[in-house]
Amino acid sequence: MNSDTRQRIVMTALEMFYVKGYNSTSIADILSRSQVHSGSLYHCFPGKQDLLVAVLEFYRDGIEDNLLSIAWADQTDPIEKIFALLNGYRIGLLMSDFQHGCPIGNLALEISEPDPRIRELLDVNFANWIDAVERCLNSANERLPAGTDTHALAEFILTIMEGAIMQARTARDIAVFDRNITVLRQHINLLLEKAKEPS
């Protein structure tokens, strides 16, 4: 199988897992959408989980080009980069009429007992997101209180984002997402103000 065909299969699976969910997407769905013969698919992906591995590897390897560089195209301030990233998920919710959230979060919730390969890739994808946000916080380190645990704060921001998406999708109300992000903004602002206080 040539690399173009493999890429078409992976990108089709990525789209369908995102839109329909992993469990609701069949191999027949992927074959029909990608217009690829079953022999070509099974040559590279013996099972559906193998295809999920390829999708998660795509997310893992493409976080910079497919997520961060897009969200941060017009931002230089490291704190504002964080909120620009969160705003990308907000836009996704609105554009999809609350059908789409975070693809990694969706898969982590849907796949309750993943095999070790899947669990490790989900974990790495979350870790990469946390690392990107932590880098932003570290770039603004002089504006934060001394001793701020930027890794824990980045984990907290991921928790806010995933929870805000889940609640907004359930309520079909972007105001739920916005309230969560407003509270996060207030928390960050308090940290910035605290750092300005005389020691």
Problem set entry | Nearest-20 debye value, the chain charge dipole, Cβ charges on Lys, Arg, Asp, Glu | 400 debye
Problem set entry | Accessible surface of Glu57 - all protein chains present, 1.4 Å probe, nearest 10 Å² | 60 Å²
For this session: Treating the Cα atoms of region 1-45 as identical point scatterers in vacuum, please give the log10 of the normalised Debye intensity I(q)/I(0) at q = 0.15, 0.21 Å⁻¹, two decimals.
Result: -0.31, -0.60
For this session: For Glu120 and Thr159, calculate 0.36 nm times their separation in residues minus their Cα-Cα distance, and state this gained length in nm to one decimal.
Result: 12.2 nm
Seminar exercise, completed: Scoring region 1-138 by relative contact order with C-alpha pairs under 8 Å, at least six apart, yields a percentage of 28 percent
Exercise. For the chain, what is the mean residue ellipticity at 222 nm derived from helices alone (per DSSP H run of n ≥ 4: -39500 (n - 2.57); sum divided by total residues; nearest 500 deg cm²/dmol)?
Worked result: -23500 deg cm²/dmol
Exercise. How would Trp72, Trp129 rank on accessible area, largest to smallest, probe 1.4 Å?
Worked result: Trp72, Trp129
Exercise. Over the chain, what percent of the accessible surface lies on carbon and sulfur atoms, probe 1.4 Å?
Worked result: 51 percent
Problem set entry | Sequence of Lys194, Lys20 when ordered by accessible area, the most exposed leading, probe 1.4 angstrom | Lys194, Lys20
For this session: Express the accessible area of the chain per residue in Å², computed with a 1.4 Å probe while the remaining protein chains stay in the model.
Result: 54 Å²
Problem set entry | Table column - 3J(HN,Hα) (Hz), region 141-156, Karplus curve with 6.51, -1.76, 1.60, x for Gly and Pro | 4, 6, 9, 9, x, 4, x, 4, 7, 5, 5, 5, 5, 5, 4, 4
Exercise. Computed from these coordinates, which is volume of the Cα convex hull per residue in Å³: (1) 151; (2) 125; (3) 104?
Worked result: (2)
For this session: Tabulate in residue order the Karplus-calculated ³J(HN,Hα) for region 115-127, using 6.51 cos²θ - 1.76 cosθ + 1.60 with θ = phi - 60°, rounded to whole Hz; enter x for Gly and Pro.
Result: 5, x, 4, 5, 4, 5, 6, 4, 4, 5, 5, 4, 4
Exercise. Mind checking which lysines have their C-alpha under 26 Å from Lys196, skipping anything on the same chain fewer than 8 residues away?
Worked result: Lys81
Exercise. In whole percent, what relative contact order does region 111-199 give with Cα contacts below 8 Å and a gap of six or more residues?
Worked result: 29 percent
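The values are calculated or read from the model by the stated rules, or taken from the named source; none is laboratory data. Worth saying up front: this structure is predicted, and the values here are computed from it rather than measured. When we count neighbours, we look across all protein chains shown, and the Cβ atoms used for this are built from the backbone with ideal geometry, even at glycine. The protein model used for the area step is the full one, side chains on, heavy atoms only, and it has no ligands, DNA or RNA in it. Shrake-Rupley method; radii C 1.70, N 1.55, O 1.52, S 1.80 Å.
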